[in-house]
1. Output the number of the condition that residue 311 fails; it satisfies all remaining conditions of (1) at pLDDT 95 or above; (2) surrounded by 12 or more Cβ atoms within 10 Å (Cβ to Cβ); (3) at negative phi.
2. Can you pull out the residues in the stretch 22-62 that are touching a residue at least 12 places away in the same chain (Cβ under 8 Å) and of a type in the set (Asp, Glu)?
3. Any residue at all in the stretch 210-222 that's in contact with an Asp or Glu (Cβ under 7 Å, 6 or more places away or on another chain), buried (at least 20 other Cβ atoms within 10 Å of the Cβ), in contact (Cβ under 8 Å) with a residue 40 or more places away in the chain and outside any helix (DSSP H, G or I)?
4. Out of (1) assigned to a helix (DSSP H, G or I); (2) of a type in the set (Lys, Arg); (3) not assigned by TED's automatic domain parsing to the domain that holds residue 114, the odd one out for residue 26 is which?
5. Give me the residue from the stretch 121-179 that is at positive phi and touching a residue at least 40 places away in the same chain (Cβ under 8 Å) and, out of that set, surrounded by the most Cβ atoms within 10 Å (Cβ to Cβ).
6. From the residues in the stretch 231-265 that are in a helix (DSSP H, G or I) and not charged (D, E, K, R), which one is farthest from residue 170 (Cα to Cα)?
7. Kindly indicate which of 299, 268, 294 is part of a helix (DSSP H, G or I) and buried (at least 23 other Cβ atoms within 10 Å of the Cβ).
8. Give the residues of the stretch 98-129 that are within 18 Å of residue 57 (Cα to Cα), assigned to a loop (DSSP other than H, G, I, E, B) and at pLDDT 95 or above, sorted by residue number.
Amino acid sequence: TLADMKAEPIAGAMKRASELFGKIMRKRIDQRDALDRLIPDMDGEGVRNADLIIEAVPEKLELKQKVYAGLEPKLKPGAILATNTSSIPLQDLRTTLARPERLLGLHFFNPVSRLQLVEVVSHDGTDATMLKEALAFVGAIDRLPLPVKSSPGFLVNRALTPYMLEAMMMLDEKTDQRLIDAAAVEFGMPMGPIELADQVGLDICLDVGDMLRSKFGDTLPPTPAWLREKVVKGELGRKTDKGFYTWKDGKAEKAPLPETGPRVTDEMIDRLVLPISNVCVAALREGIVDNPDMVDGAMIFGTGYAPFRGGPLNYARSRGVDNVVSAMQALMRKFGGRFAPDPGWEAFK
């Protein structure tokens, strides 16, 4: 069942589901059966019978807690309450729940129909059986579950945020946005950070950036004031057809870079990609994730991180940890403390 406050979002979701089923199912009867199983539910009554409820309202703590207050009395005893939050720690979300042990995170990535990764997030009070069931559910829907402990931004968004914000810093330095994107693509990313920000939605980027900066402070680049202005103006990226790029039929319109003029440098690439590896090392050190291979797999499947590099940790290992640390120290001397190498590099050698 699919519930919302208004009918329009449900209607839009049913339309998208119908289009998606048309693409992934050959037989018309299978498409019809799938649509029959997906029930629009304005009053949210389906919650009473559900084994699993996934909340996916906007990234506002008070709003999510208000939704839980309405949901929790309806839940049956063994039901799991999952949040699709991309950044809010579960320790903050659980404070108003009568049964906080049933809360966990199932964080899907956009576009959900294509990206394989789901972060399965637990807090220190999550029921172990429910966590096991949630991991099994993710496997059963043919996705790749990544168990993570609750912490601001979990793994993937915490690692991607410095990458996106560093790109904004480069824009502040008057670097051509096409050149910034070209640097990431040259490294092996499927698209650059500016285009990715448009894809994700500049409002979401701003929310996640603000939330993580409130927790991690100056280890992250500051959020530029002009990004807030774009969001206020409603220039949110692909979903409004205008962000950093103009979008037409789901594609960013960009003229090729001029033949003469600035070119991609190694320093530009390092500024974008080394903070990703640095955060992954920090997440291992803090016990947010406990397996380096899972971290690399998560970054490839969840973000499209250059697959032939083998993930941010494998890239650091193959480039040489000492080389990575000294490159970050050089960037720190030039650009400031946000490039400080994490203490976890010592153990990672």
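1. Checking residue 311 against (1) at pLDDT 95 or above; (2) surrounded by 12 or more Cβ atoms within 10 Å (Cβ to Cβ); (3) at negative phi, the one that fails is (3).
2. Of everything in the stretch 22-62, those that are touching a residue at least 12 places away in the same chain (Cβ under 8 Å) and of a type in the set (Asp, Glu) turn out to be 41, 43, 45, 51, 55, 59.
3. yes
4. Only one criterion in (1) assigned to a helix (DSSP H, G or I); (2) of a type in the set (Lys, Arg); (3) not assigned by TED's automatic domain parsing to the domain that holds residue 114 is unmet by residue 26, namely (1).
5. Ranking the qualifying residues of the stretch 121-179, first place goes to 154.
6. Selected residue: 240.
7. Values: 268 fails: buried (at least 23 other Cβ atoms within 10 Å of the Cβ); 294 fails: buried (at least 23 other Cβ atoms within 10 Å of the Cβ).
Going through 299, 268, 294 in turn, just one is part of a helix (DSSP H, G or I) and buried (at least 23 other Cβ atoms within 10 Å of the Cβ): 299.
8. none
The values are calculated or read from the model by the stated rules, or taken from the named source; none is laboratory data. The shown structure was predicted, so the numbers you read here are calculated from the model rather than taken from an experiment. All Cβ positions, even for glycine, are placed from backbone atoms using ideal geometry, and neighbour counts span all protein chains on display.
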